[in-house]
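K.L.:
Take a look at the following structure, please.
No lab work stands behind these numbers, since they all come straight from the coordinates. As the structure is a prediction and not an experimental result, all values here were calculated from the model. Using ideal geometry, Cβ is built from the backbone for each residue, glycine included, and neighbour counts are taken over all protein chains shown.
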Amino acid sequence: MTQAWSKLEQSAARLSAQHLRELIDTDQRFESLSFRHEGMLMDLSRQRIDAQVMNELLALADEKQLPSAIKALLQGEHVNNTEDRAALHSALRLPKSAQLRVDDQEVVSDVHKTLDRMEQFVNQIHQGQWRGYTGKPITDVVNIGVGGSDLGPLMVCEATHQFRPEASLNIDLHFVSSMDGSQLSNLLLELDSETTLFVLSSKSFGTIDTLANAATAVDWLQERSGLNRELLIKQHFIGVTAAPEKAVAWGLSEETLLEFWEWTGGRYSLWSAIGLPIAISIGMQGFRDLLAGAHSMDKHFEEAEFANNLPVLLALIGIWNINFQDIHAHAILPYDGRLAHLPAYLEQLEMESNGKSVGIDGSSIAQRTCPILWGEIGPNAQHAFYQLLHQGTERVMCDFIVPARRYVDRESSLQEQHQLALANCLAQARVLALGDAALTDGIERPPWQRYFGNQPSTVLMLDELTPYNLGSLIALYEHKVYVQAVIWGINPFDQWGVELGKKVANDLITALNQSANHQYDPATEGLLNEIQHLRGNGQ
Ligand code: F6P
């Protein structure tokens, strides 16, 4: 137990009797607890903290040697110790003029070479020069990938749809991830095989979900065209991977392959060639704006003093809530429909990174780590799970994410809709913090109409949702995750916890194809027998 940790425990005891509405009601609360970086405001004034807690959290960061840990990350040291490699997503957004040598290799020039190749592909697609097997230009692009090879591009494409340049308006983007083929089978009914291009995205090129969807896509092309596999793959597939030899063995040709590097974690990979669907959607300039926004947050993370450093502060507030306020549920609530996929994206980023209980040195972690994180577009969630936030028995911390400006130059009813979303966002943050006191009508209410409040929240307000600001926002969360991992002493860049299930599934595929001769636990055997029975004894 460090000195700062003990002090924070004492502060938690000191503040425990105080309701958030009392904490909020202090001079300069908003001024002292809201922080800015370019077009982003981070408002922590609805957190259960005071100036002393803030100082103790900053002392904790120093005690945990955060400054050197940040340097280690950004300079490409092997911070991913269990896989003995760097985690250099920040290098993917460095400008061309920068230099960074990692493991005896200059990475920035490689990164920009890949960006240039992406640009060639994007231009060919936009200009109708990428043609299918009958010579027609591409009209539909289907990204096949899962986890980090799906969630980031999907989220960004949805969030930045309005920034599509003229050249991409004739191209429809689709995302397919589900292993059972349900998304793909529906989509294939609508698509024209002559004009459909598949982007096969897999860092490892070994993910069964993705390979199974890809095999179905190839079958479909063959059935429709009667042509051979090799030719179809060449014209209808772009591969994106860090395992090029496996991709080539699968049938992709080097000319249609975009590579990235082992030091790019899957859930940190949207900045690499995995972002190709984003570049197809918003053009290469839009993609470069996204990278520039993230790079700006990287610089801020590297250079700003911790007392004003947005990712560091966001992380420390999380530590306070989880480890000192005993809050283990975290809701992500965007008040903008364009960010519909942000909660799912952050679920992977946070829970796959920090859902750990073993430390860097292999010892068990004594304290709680990553909370359960989930979310939904805020206004929709108001009609679904906010009841629990307001009157349930769970303590929940919330992140409200909202742009201040939207629909500039658009008709007034849409402007009014944005006002409506803003008002609801502010209202919910206020009610969660203050409870009944949010309405000063003096009316006495029965118990079932009472609101306790005291639920802490952060408001992240963007001046507007642009590719640049979105890049900053995503990098903010990436660095927040890293800071929390440093404080907890865990490696956020591996994901061993997802491996065993894959192996056991492989084993069970064989069992599903045999009617006997296997011995699992009684629960699994019971289901296997039931499946055999329902399928008519082994067919
Ligand atoms: O199974 C988890 C995981 O490895 C994620 O970490 C990753 O984002 C996803 O699968 C997809 O992996 P790949 O890009 O190698 O297909």
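K.L.:
Which Cα, out of His328, Ile509, Pro522, lies furthest along the positive dipole direction of the chain (beta carbon charges, K/R +1, D/E -1)?
P.N.:
His328
K.L.:
Check Val102: other-chain or 5+ apart residues with amide H under 5 Å from its amide H, H built from backbone geometry?
P.N.:
Under 5 Å from the amide H of Val102: Val107.
K.L.:
With a ≥ b ≥ c the root eigenvalues of the C-alpha gyration tensor of region 1-76, is it rounded (a/c under 1.5), prolate (a/b larger than b/c) or oblate? Please report the intermediate quantities before stating the final value.
P.N.:
On the way: a/c = 3.44, a/b = 1.27, b/c = 2.71.
Note, shape of region 1-76 comes out oblate.
K.L.:
Report, by chain and number, residues whose modeled amide H sits under 5 Å from the one on Tyr520, excluding near sequence neighbours (fewer than 5 apart, same chain).
P.N.:
Glu525
K.L.:
Per residue of region 394-403, what does 6.51 cos²θ - 1.76 cosθ + 1.60 with θ = phi - 60° give for ³J(HN,Hα)? Whole Hz please, x for Gly and Pro, Karplus curve as stated.
P.N.:
8, 7, 9, 9, 10, 10, 8, 10, 8, x
K.L.:
Now a separate question. When the chain is fully extended, how far beyond the present Cα-Cα distance does Ser357 get from Gln391, taking 0.36 nm per residue of separation?
P.N.:
Details: separation 34, 0.36 × 34 = 12.24 nm, distance 3.07 nm.
Here the segment from Ser357 to Gln391 would lengthen by 9.2 nm.
K.L.:
Right, here's the next one. At a 10 angstrom cut-off on C-beta neighbours, averaged per residue, how do the peptides 497-508, 52-63 rank from highest to lowest?
P.N.:
The densest-packed peptide leads the list: 52-63, 497-508.
K.L.:
Now for a different question. Give the whole-number value, in cubic angstrom per residue, of the convex hull volume spanned by the C-alpha atoms of region 38-147. All intermediate terms of the calculation are to be shown ahead of the outcome.
P.N.:
On the way: hull volume 26.6 nm³, N = 110.
Dividing the Cα hull volume of region 38-147 by its residue count gives 242 Å³.
K.L.:
Per-residue counts of other Cβ atoms within 10 Å, averaged by peptide: what ranking do you get for 295-302, 333-340, highest first?
P.N.:
Details: 295-302: 20.8, 333-340: 22.2.
Averaged packing, sorted descending, gives the order 333-340, 295-302.
K.L.:
Here is a further query. I need to check one value: relative contact order of region 106-235, counting alpha carbon pairs closer than 8 Å and at least 6 residues apart, in percent. Write down the numbers at each step before the final one.
P.N.:
Values: 144 pairs, mean separation 39.8, N = 130.
Dividing the mean separation by the residue count of region 106-235 yields 31 percent.
K.L.:
Same structure, new question: Can you tell me the FRET efficiency between His383 and Leu41 if r is taken as the Cβ-Cβ distance and R0 is 30 Å, rounded to the nearest 0.05? Each step should come with its number before you reach the end.
P.N.:
Values: r = 27 Å, r/R0 = 0.90.
Approximately 0.65, to the nearest 0.05.
K.L.:
Still on this structure, I have one more. Using the basic label-point model (7 angstrom from Cα toward the beta carbon), what is the Asn228 to Ile208 distance in nanometres?
P.N.:
With each label point 7 Å from Cα toward Cβ, the separation is 3.1 nm.
K.L.:
In nm, to one decimal, how far is the Ala215 label point from the His78 one, both placed 7 Å along Cα→Cβ?
P.N.:
3.6
K.L.:
Below 8 Å, C-alpha to C-alpha, sequence gap of six or more: please give me the relative contact order for region 323-373 in percent. Mind dumping the intermediate values first?
P.N.:
Details: 41 pairs, mean separation 24.8, N = 51.
Reported relative contact order: 49 percent.
K.L.:
If you keep only loop residues by DSSP, which trypsin sites (Lys or Arg not before Pro) in region 402-481 have at most 15 other Cβ atoms within 10 Å of their Cβ?
P.N.:
Details: sites: Arg405, Arg406, Arg410, Arg430, Arg450, Lys480; in loops: Arg405, Arg406, Arg410, Arg450.
Answer in residue order: Arg405, Arg410, Arg450.
K.L.:
Let me ask something else about it. Would you work out if region 450-490 is rounded, prolate or oblate? Take a ≥ b ≥ c from the square roots of the eigenvalues of the alpha-carbon gyration tensor; rounded if a/c is under 1.5, else prolate when a/b is larger than b/c, oblate otherwise.
P.N.:
Values: a/c = 5.01, a/b = 1.10, b/c = 4.54.
Since a/c reaches 1.5 but b/c is at least a/b, the shape of region 450-490 is classed as oblate.
K.L.:
Distance check, please: which entries in Lys96/Lys234; Lys96/Lys203; Lys96/Lys356; Lys136/Lys203; Lys113/Lys246 exceed 27 angstrom between their Cα atoms?
P.N.:
Numbers: Lys96/Lys234 30 Å; Lys96/Lys203 24 Å; Lys96/Lys356 36 Å; Lys136/Lys203 30 Å; Lys113/Lys246 21 Å.
Too far apart for the 27 Å limit: Lys96/Lys234; Lys96/Lys356; Lys136/Lys203.
K.L.:
Can you work out the FRET efficiency for the pair Gln449 and Ser182, with r the C-beta to C-beta distance and R0 = 45 Å, to the nearest 0.05? If you can, show how the numbers build up before the last one.
P.N.:
Values: r = 43 Å, r/R0 = 0.95.
Calculated transfer efficiency: 0.60.
K.L.:
Using a Förster distance of 45 Å, how high is the FRET efficiency between Ser16 and Glu254, based on the Cβ-Cβ distance and rounded to 0.05?
P.N.:
Numbers: r = 62 Å, r/R0 = 1.38.
Computed FRET efficiency for Ser16 and Glu254: 0.15.
K.L.:
In terms of modelled amide H atoms, which long-range or inter-chain residues lie less than 5 Å from the amide H of Arg131?
P.N.:
none
K.L.:
For the chain, what's the radius of gyration and Dmax over Cα atoms, in angstrom?
P.N.:
24.9, 77
K.L.:
Using DSSP, restrict attention to beta bridges with both residues in the chain and report what percent are antiparallel, rounded to the nearest 5.
P.N.:
Working: 13 of 45 bridges.
Approximately 30 percent, going by the DSSP bridge assignments.
K.L.:
Another question, then. Could you give the C-alpha radius of gyration of region 489-539 expressed as a fraction of 2.2 N^0.38 Å, taking N as the number of residues it contains? Mind dumping the intermediate values first?
P.N.:
On the way: Rg = 15.3 Å, N = 51, 2.2 N^0.38 = 9.8 Å.
Relative to the 2.2 N^0.38 Å estimate, region 489-539 comes out at 1.56.
K.L.:
Quick one: if you stick a label point 7 Å off each Cα along the C-beta vector at Tyr520 and Ala98, how many nm between them?
P.N.:
4.6
K.L.:
If you don't mind, another one. Largest first and in whole Å, give the semi-axes of region 236-304's equivalent ellipsoid, each being the square root of 5 times a Cα gyration tensor eigenvalue.
P.N.:
On the way: eigenvalues 149, 47, 10 Å².
Semi-axes, largest first: 27, 15, 7 Å.
K.L.:
Can you give the percent of C-alpha pairs in region 404-539 whose distance is more than 19 Å?
P.N.:
Details: 6912 of 9180 pairs.
Here the long-distance tail beyond 19 Å is 75 percent of all Cα pairs in region 404-539.
K.L.:
Over the chain, what is the relative contact order in whole percent, taking alpha-carbon pairs under 8 Å and six or more residues apart?
P.N.:
Values: 867 pairs, mean separation 100.9, N = 539.
RCO, the chain: 19 percent.
K.L.:
What's the Cα-based Rg to Rh of region 276-392, Rh via Kirkwood? The partial results should precede the final answer.
P.N.:
Numbers: Rg = 17.3 Å, Rh = 16.9 Å.
Ratio of gyration radius to Kirkwood radius: 1.02.
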